[in-house]
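Enquirer: Please read through the structure below; I'll follow up with questions.
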Amino acid sequence: MTTPSHAPVTTHRTRVAVVGGGPAGLMASHLLHRAGIDTVVVDHRTVHEIETTHRAGILETDSVRLLTETGVYGDGPQRVLTEGDRHGGIFLRFDGASHHLDFERLVGNSVWLYPQTEVFTDLHRARTRDGGNLHYGVSDVGVHDVTGSPRVLFTAADGSRHEVQAEVVVGADGSRSVCRDLVAGHQRWFREYPFAWFGILCEAPKSSPELIYNRSETGFALISQRTESVQRMYFQCDPAEEVGDWSDARIWDELQGRLAGRDGFELVEGPVISRSVLPFRSFVQTPMRHGRLVLAGDAAHTVPPTGAKGLNLALADVRVLAEVLTDALAKDDLDLLDEYTDRALARVWKAQHFSYWMTTMLHRSPGTEGFDDLRQLGELHSLVSSEAGSTYLAEGYTGWPTR
């Protein structure tokens with residue numbers, strides 16, 4: 001919506017303006033609220049758009065703690081525990097057989113299958129309950145003067161113009177961030193992958209109680225779950241693949257073929273209700289702070305989804321950020337924000353390595369031949385037959401808990 005330049009502007013004054021109202025931005029706002037710091041949150045998407053966009057759904061141990069131990073649920077049921085599905089491990093499947101990695105035995109931790117849309121819903125309810133100043137469905141977002149007196153300008157869904165004057169701006173606006181380019185002197189690292197994931201939602205019972213990471217001669221497949229009657233599955237494909245070229249029958253033939261083995265395992269099939277192609281890349285930008293602007297989550301880094309790290313990294317970022325930012329504002333010393341980049345990136349690079357390792361271990365790259373295939377199988381056999389190797393994967397997958 002276009003608004004005349006002479007339209008009146010409503011001014012908001014707050015300590016922290018948060019650009020991006022997804023889980024990372026809302027968790028930052030929630031944690032700062034608990035520390036007595038007021039925030040204003042803006043997002044170009046509507047609440048409905050965020051709640052109906054299917055995203056990854058594996059939460060690490062510390063991500064669950066962050067939801068359950070910081071008052072997100074108030075006095076009500078802790079939905080991540082009552083409605084989430086606790087998984088004590090995963091299956092690695094290769095050479096036509098499945099191998100279970102028991103995380104609880106190996107490292108004493110679990111993960112939770114809990115869709116990102118539900119995390120958003122929980123946090124949005126918490127901020128609404130606590131009187132959060134939230135603006136969704138906005139447009140024309142502009143962030144200005146981040147080294148002086150920061151201002152965030154936007155047009156609300158009703159066409160009115162607003163200006164948020166803040167001491168600090170948090171850029172949590174995802175991989176297409178408008179805040180990212182405002183960081184002067186930044187460095188960026190990329191890794192492009194020569195494949196993508198073809199993802200489906202289907203109406204069917206679960207094919208497995210826990211996730212299956214499958215390596216086959218024709219490529220990778222991931223068998224995940226969503227609910228008792230809706231499941232999420234992926235298979236490796238070309239990034240240029242057209243979803244319209246794939247009928248339900250062709251999709252199931254491909255998935256069944258990749259999971260087939262001497263144990264007779266078969267997927268439970270059902271109507272495909274959604275299909276999409278998910279490209280792969282790794283990205284890191286540093287520093288994550290410039291003047292009075294700090295970045296969090298996908299605005300600063302992305303990982304391939306193989307290691308289930310994206311949402312968890314975003315939540316880990318804002319946990320550290322809230323702690324550092326609270327201290328900096330209390331002491332009126334924003335130079336303390338410098339420690340945020342180093343603390344956040346220490347975990348980011350561990351997650352980048354783990355995601356890269358899981359990806360290259362399980363996917364077939366174009367042009368690979370006998371040596372690469374046999375080396376890959378040798379790595380997988382070594383991993384599942386080694387207590388140390390299995391423990392390393394379990395520790396990384398459950399998220400290197402901080403306590």
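Enquirer: Can you pull out every residue in the range 240-252 that is closer than 20 Å to Ser216 by Cα, assigned to a loop (DSSP other than H, G, I, E, B) and open to solvent by 70 Å² or more (accessible area, probe 1.4 Å)?
Expert: none
Enquirer: So in the range 386-403, with the set limited to residues that are at pLDDT 90 or above and not in a helix (DSSP H, G or I), which one is surrounded by the fewest Cβ atoms within 10 Å (Cβ to Cβ)? Before you say what the answer is, go through the steps one by one.
Expert: So in the range 386-403, the residues at pLDDT 90 or above come out as 386-399.
Then keep just the ones that are not in a helix (DSSP H, G or I); that gives 386, 399.
Working: Ser386: 12, Gly399: 28.
Per the stated criteria, the residue is Ser386.
Enquirer: Only one residue in Val40, Val16 is of a type in the set (Val, Ile, Thr), open to solvent by less than 10 Å² (accessible area, probe 1.4 Å) and over 23 Å from Leu313 (Cβ atoms). Which one? Walk me through how you get there before you give the answer.
Expert: Working: Val16 fails: over 23 Å from Leu313 (Cβ atoms).
Among Val40, Val16, only Val40 is of a type in the set (Val, Ile, Thr), open to solvent by less than 10 Å² (accessible area, probe 1.4 Å) and over 23 Å from Leu313 (Cβ atoms).
Enquirer: Still on this structure: Hey, can you tell me all the residues within the range 265-305 that are among the charged types (D, E, K, R), under 28 Å from His353 (Cα atoms) and out of contact with any strand residue (DSSP E or B) (no Cβ under 9 Å at 6 or more places or on another chain)? Give the derivation first.
Expert: At the first step, the residues of the range 265-305 found to be among the charged types (D, E, K, R) are 266, 269, 275, 281, 289, 292, 298.
With the extra rule that they be under 28 Å from His353 (Cα atoms), the set shrinks to 281, 289, 298.
Once the filter is applied, which keeps residues that are among the charged types (D, E, K, R), under 28 Å from His353 (Cα atoms) and out of contact with any strand residue (DSSP E or B) (no Cβ under 9 Å at 6 or more places or on another chain), the range 265-305 yields nothing.
Enquirer: May I ask you to list the residues in the range 343-385 that are under 20 Å from Ile58 (Cα atoms), open to solvent by 50 Å² or more (accessible area, probe 1.4 Å) and not hydroxyl-bearing (Ser, Thr, Tyr)?
Expert: The answer is Trp349, Lys350, His353.
Enquirer: Continuing with this model, one more query. Is at least one residue of the range 317-324 in a helix (DSSP H, G or I), modelled with pLDDT of 95 or more, among the acidic types (Asp, Glu) and under 22 Å from Arg65 (Cβ atoms)? Outline the logic, then answer.
Expert: Filtering the range 317-324 down to residues in a helix (DSSP H, G or I) leaves 317-324.
Those still in the list that are modelled with pLDDT of 95 or more too: 317-324.
Now drop any that are not among the acidic types (Asp, Glu), which leaves 317, 323.
Checking which are under 22 Å from Arg65 (Cβ atoms) leaves us with 317, 323.
Within the range 317-324, one or more residues are in a helix (DSSP H, G or I), modelled with pLDDT of 95 or more, among the acidic types (Asp, Glu) and under 22 Å from Arg65 (Cβ atoms).
Enquirer: Please give the number of the condition Tyr340 fails out of (1) out of contact with any Lys or Arg (no Cβ under 9 Å at 6 or more places or on another chain); (2) open to solvent by less than 40 Å² (accessible area, probe 1.4 Å); (3) farther than 30 Å from Gln225 by Cβ.
Expert: With respect to (1) out of contact with any Lys or Arg (no Cβ under 9 Å at 6 or more places or on another chain); (2) open to solvent by less than 40 Å² (accessible area, probe 1.4 Å); (3) farther than 30 Å from Gln225 by Cβ, Tyr340 is out only on (1).
Enquirer: Take residues that are out of contact with any Lys or Arg (no Cβ under 6 Å at 6 or more places or on another chain) and of a type in the set (S, T, N, Q) and tell me which of the helices (runs of 4 or more DSSP H) falling wholly in the range 1-93 contain 3 or more.
Expert: Details: elements: 23-34, 47-51, 61-68, 79-82.
Correct list: 61-68.
Enquirer: Pick out the one residue from Val320, Val294 that is within 16 Å of Arg34 (Cα to Cα) and either surrounded by 24 or more Cβ atoms within 10 Å (Cβ to Cβ) or hydrophobic (A, V, I, L, M, F, W, C) (or both).
Expert: On the way: Val294 fails: within 16 Å of Arg34 (Cα to Cα).
One residue alone meets the criteria, Val320.
Enquirer: Could you grab me the full set of residues in the range 165-185 that are under 21 Å from Leu26 (Cα atoms), under 23 Å from the mean Cα position of the chain (by Cα), open to solvent by 50 Å² or more (accessible area, probe 1.4 Å) and among the charged types (D, E, K, R)? Give the derivation first.
Expert: Step one: filter the range 165-185 for residues under 21 Å from Leu26 (Cα atoms), giving 165-180.
So of that shortlist, the ones also under 23 Å from the mean Cα position of the chain (by Cα) come out as 169-180.
If we keep only those that are open to solvent by 50 Å² or more (accessible area, probe 1.4 Å) too, we end up with 175-176, 178.
Scanning the range 165-185 gives a single hit, Arg176.
Enquirer: Among the numbered criteria (1) within 23 Å of Pro305 (Cα to Cα); (2) in contact (Cβ under 8 Å) with a residue 24 or more places away in the chain, which single criterion is violated by Trp252?
Expert: (2)
Enquirer: So Glu192 fits all but one of (1) assigned to a strand (DSSP E or B); (2) open to solvent by 60 Å² or more (accessible area, probe 1.4 Å); (3) modelled with pLDDT of 95 or more; (4) not aromatic (Phe, Trp, Tyr); what number is the exception?
Expert: (3)
Enquirer: Restricting the range 223-239 to residues that are exposed (fewer than 15 other Cβ atoms within 10 Å of the Cβ) and of a type in the set (D, E, K, R), which is farthest from Val268 (Cα to Cα)?
Expert: The extreme case among them is Asp238.
Enquirer: Of the residues that sit in the range 195-231 and are among the charged types (D, E, K, R) and part of a loop (DSSP other than H, G, I, E, B), which one is farthest from Leu113 (Cα to Cα)? Can you show your working first?
Expert: Residues of the range 195-231 among the charged types (D, E, K, R): 203, 206, 210, 215, 217, 226, 228.
Filter once more, so that each one left must be part of a loop (DSSP other than H, G, I, E, B): 206, 210, 217, 226, 228.
Numbers: Lys206: 13, Glu210: 9, Glu217: 28, Arg226: 8, Glu228: 12 Å.
Ranking the qualifying residues of the range 195-231, first place goes to Glu217.
Enquirer: A follow-up question, please. Taking the stated definitions as given, is Arg93 modelled with pLDDT of 95 or more and open to solvent by 40 Å² or more (accessible area, probe 1.4 Å)? Outline the logic, then answer.
Expert: On the way: modelled with pLDDT of 95 or more: yes; open to solvent by 40 Å² or more (accessible area, probe 1.4 Å): no.
When the stated conditions are applied, Arg93 does not pass them.
Enquirer: Residues in the range 67-80 that are touching a Leu at 6+ places or on another chain (Cβ under 9 Å) and surrounded by fewer than 21 Cβ atoms within 10 Å (Cβ to Cβ): how many? Before you say what the answer is, go through the steps one by one.
Expert: Keep residues of the range 67-80 that are touching a Leu at 6+ places or on another chain (Cβ under 9 Å), which gives 67-68, 70, 72-73, 78-80.
In the following step, the residues that additionally are surrounded by fewer than 21 Cβ atoms within 10 Å (Cβ to Cβ) were identified as 68, 70, 73, 78-79.
So the count comes out to 5.
Enquirer: State the number of residues belonging to the range 116-132 that are farther than 22 Å from Arg34 by Cβ and out of contact with any helix residue (DSSP H, G or I) (no Cβ under 9 Å at 6 or more places or on another chain).
Expert: Residues meeting the conditions: 0.
Enquirer: Anything in the range 108-164 that is of a type in the set (Val, Ile, Thr) and open to solvent by less than 30 Å² (accessible area, probe 1.4 Å)? List them, or say none. Write out each step before concluding.
Expert: Here is the first cut: in the range 108-164, the ones of a type in the set (Val, Ile, Thr) are 111, 117, 119, 121, 128, 138, 141, 143, 146-147, 152, 155, 164.
Answer for the range 108-164, where residues must be of a type in the set (Val, Ile, Thr) and open to solvent by less than 30 Å² (accessible area, probe 1.4 Å): Val111, Thr117, Val119, Thr121, Val138, Val143, Val146, Val152, Thr155, Val164.
Enquirer: A further question follows. For the structure I just gave you, tell me whether Asp102 is at pLDDT 95 or above, of a type in the set (Asp, Glu), closer than 29 Å to Ala260 by Cβ and buried (at least 16 other Cβ atoms within 10 Å of the Cβ).
Expert: Details: at pLDDT 95 or above: yes; of a type in the set (Asp, Glu): yes; closer than 29 Å to Ala260 by Cβ: yes; buried (at least 16 other Cβ atoms within 10 Å of the Cβ): no.
Criteria not met by Asp102.
The values are calculated or read from the model by the stated rules, or taken from the named source; none is laboratory data. On a predicted model such as this, the values are computed, not experimentally measured, just so you know. Note: ideal-geometry Cβ built from the backbone for every residue, glycine included; neighbour counts use all protein chains shown. Accessible surface areas use protein heavy atoms only, side chains included; no ligands, DNA or RNA. Shrake-Rupley method; radii C 1.70, N 1.55, O 1.52, S 1.80 Å.
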